[in-house]
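**Q** My questions will all concern the structure given below.
The values are calculated or read from the model by the stated rules, or taken from the named source; none is laboratory data. Just so it is clear, the structure is predicted and the values come from calculations on it, not from any experiment. We place every Cβ from the backbone using ideal geometry, glycine too, and count neighbours over all the protein chains shown.
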Amino acid sequence: MNRGKRNPGFTLIEVVVALAILGIGLVVIIELFGGGLRLGRVSQEYTKASGYARMKMEEINLASALEEGIQQGEFDGQFRWQVEVKKVSLLPPGQETSYRPPVDLFWVRVDILWKSGSKERVAALESYRLLKAEENEQSG
């Protein structure tokens, strides 16, 4: 027998280490792919929510009068909306005067809420709206 010649094959330990490295690499790649799919879904939800928020804000901008308060509703089974309207004083605080500004300034916030997986997500738009004081008082 020839003991000086070695067989140029792989040992069992080399094969096990190579398979372990390959397995870890595949698990990382699969996790990255799954994370990318989740981010794509969340991005799609935010895009849909921002469209709903813009639609609701446009509806508010077309209204002839605004009332202070909070209104709520639902777009479909997944998305809910909440609109908050507050009147903002145009005069400096703490000073009494008989002057009435010709316009009323309103702060408007539209929140779109939905559940994504186990998290509650929110997309919001804020804006200001001016209305003539006489028109708002007559319709309100």
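**Q** Given the conditions (1) within 17 Å of the chain's Cα centre (by Cα); (2) exposed (fewer than 10 other Cβ atoms within 10 Å of the Cβ); (3) hydroxyl-bearing (Ser, Thr, Tyr), and given that TYR52 satisfies all but one, which numbered condition is not satisfied?
**A** With respect to (1) within 17 Å of the chain's Cα centre (by Cα); (2) exposed (fewer than 10 other Cβ atoms within 10 Å of the Cβ); (3) hydroxyl-bearing (Ser, Thr, Tyr), TYR52 is out only on (2).
**Q** With respect to the numbered conditions (1) over 42 Å from the mean Cα position of the chain (by Cα); (2) assigned to a helix (DSSP H, G or I); (3) hydrophobic (A, V, I, L, M, F, W, C), which one is the sole condition not fulfilled by PHE10?
**A** Going through the list (1) over 42 Å from the mean Cα position of the chain (by Cα); (2) assigned to a helix (DSSP H, G or I); (3) hydrophobic (A, V, I, L, M, F, W, C), PHE10 breaks only (2).
**Q** Checking the conditions here, which among GLU45, GLU84 is touching a strand residue (DSSP E or B) at 6+ places or on another chain (Cβ under 6 Å), at pLDDT below 95 and acidic (Asp, Glu)?
**A** Checking each option against the conditions leaves just GLU45.
**Q** Take residues that are among the β-branched types (Val, Ile, Thr) and touching a Phe, Trp or Tyr at 6+ places or on another chain (Cβ under 6 Å) and tell me which of the strands (runs of 3 or more DSSP E) falling wholly in segment 38-140 contain 2 or more.
**A** 79-88
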